[in-house]
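Notes to accompany the following structure.
The values are calculated or read from the model by the stated rules, or taken from the named source; none is laboratory data. Keep in mind it's a predicted model, so treat the numbers as computed, not measured. Glycine also receives a Cβ, built like all others from the backbone with ideal geometry; neighbour counts cover every protein chain displayed.
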Amino acid sequence: MRVISVNVGLPRPVEWNGRTVMTGIFKEPVDGTIPVRRLNLDGDRQADLSVHGGPDKAVYGYPAEHYPFWRGEYPDHDLTWAAFGENLTTEGWLEDDVYIGDRFRIGTAEVVVTQPRMPCFKLGIRFGRDDVIPKFLESGRPGFYFRVLQEGDVAAGDPMVRIAEDPHGVTVVDIVNLYLDRDEADRDLLARAVQVDALAQGWRDHFRKRLGS
């Protein structure tokens with residue numbers, strides 16, 4: 001369980017469907033030790049803070065184990081680390097092993113898992129095609145966002161150690177399945193999800209409404 005690559009990037013303008021869009025999805029691997037701050041990594045920024053960034057999306061991790069699948073889906077693309085806009089390309093932890101609310105020590109930083117990544121049109125910009133967006137969502141390979149509990153430093157090769165496991169047992173994939181109504185009848189899972197303090201507030205509100213209906 002470790003970090004394979006640390007990736008950062010600043011927002012830049014991109015022409016897409018006849019308009020100019022600012023996006024921070026184009027990130028590049030960096031060498032050395034990078035400070036992890038409360039809202040992002042040094043050298044990294046988000047373009048649209050209304051939907052990206054903030055404390056609950058301070059750091060985005062994506063498992064390296066998913067890259068062979070995506071290279072098979074898009075063989076004409078050069079899918080090197082950071083292709084999905086992740087800050088940390090990780091190894092050893094997958095979305096069905098990781099619970100929302102799990103705490104990890106990564107390098108000298110401490111983080112907590114808050115939610116899966118829901119793809120927006122900017123992933124389509126990164127791939128140059130819109131069909132990647134529904135495919136990403138349906139694939140069960142969303143990666144995971146972290147809130148930073150303790151600032152620190154991270155570098156490629158650092159261990160990624162789970163130091164506390166959330167007792168509610170709601171995985172990152174569970175949240176995606178609930179969103180897609182794959183577990184619509186599982187009211188127990190919905191009830192457990194709204195009890196996870198670390199789950200981003202928007203998700204908890206959404207699931208409370210589902211329970212109420």
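State whether one or more residues within the stretch 17-30 are part of a loop (DSSP other than H, G, I, E, B), hydrophobic (A, V, I, L, M, F, W, C), closer than 18 Å to ALA83 by Cα and within 14 Å of the chain's Cα centre (by Cα). Let's see the steps before the verdict.
The first filter runs over the stretch 17-30 and keeps only residues part of a loop (DSSP other than H, G, I, E, B), leaving 17-18, 24-27, 30.
So of that shortlist, the ones also hydrophobic (A, V, I, L, M, F, W, C) come out as 25-26, 30.
This time we only want the ones that are closer than 18 Å to ALA83 by Cα, so: 25-26, 30.
Next, only the ones that are within 14 Å of the chain's Cα centre (by Cα) stay: 25.
Yes: the stretch 17-30 contains one or more residues that are part of a loop (DSSP other than H, G, I, E, B), hydrophobic (A, V, I, L, M, F, W, C), closer than 18 Å to ALA83 by Cα and within 14 Å of the chain's Cα centre (by Cα).
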For the stretch 6-48, what are the residues that are surrounded by 17 or more Cβ atoms within 10 Å (Cβ to Cβ), of a type in the set (S, T, N, Q) and within 21 Å of LEU149 (Cα to Cα)? ASN7, ASN40, GLN46
Residue check for VAL154: under 30 Å from LEU211 (Cα atoms) and in contact (Cβ under 8 Å) with a residue 60 or more places away in the chain: no
(1) touching a residue at least 40 places away in the same chain (Cβ under 8 Å); (2) out of contact with any Gly (no Cβ under 7 Å at 6 or more places or on another chain); (3) within 17 Å of ARG141 (Cα to Cα) all hold for ALA58 apart from (3)
Restricting the stretch 85-108 to residues that are of a type in the set (Gly, Ala, Ser) and over 30 Å from ASN17 (Cβ atoms), the one farthest from the chain's Cα centre (by Cα) turns out to be GLY107
Kindly indicate whether any position in the stretch 204-213 is modelled with pLDDT of 95 or more and touching a Leu at 6+ places or on another chain (Cβ under 6 Å). no
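Residue-wise test of (1) closer than 30 Å to GLU15 by Cα; (2) over 12 Å from the mean Cα position of the chain (by Cα); (3) buried (at least 16 other Cβ atoms within 10 Å of the Cβ); (4) among the acidic types (Asp, Glu).
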position	(1), (2), (3), (4)
GLU110	no, yes, yes, yes
GLN115	yes, no, yes, no
GLY124	yes, yes, yes, no
ASP131	yes, yes, no, yes
LYS135	yes, yes, yes, no
GLU151	no, yes, no, yes
VAL161	no, yes, no, no
GLU165	no, yes, no, yes
THR171	no, yes, yes, no
If we keep just the residues of the stretch 161-186 that are touching a Leu at 6+ places or on another chain (Cβ under 7 Å) and part of a helix (DSSP H, G or I), which is nearest to TYR62 (Cα to Cα)? ASP174
Which of the residues belonging to the stretch 173-199 are surrounded by fewer than 20 Cβ atoms within 10 Å (Cβ to Cβ) and among the small types (Gly, Ala, Ser)? ALA185, ALA191
Candidate set from the stretch 190-200 (those that are free of Cβ contacts under 8 Å to residues at least 60 places away in the same chain and not aliphatic (A, V, I, L, M)); member that is nearest to LEU178 (Cα to Cα): ARG192
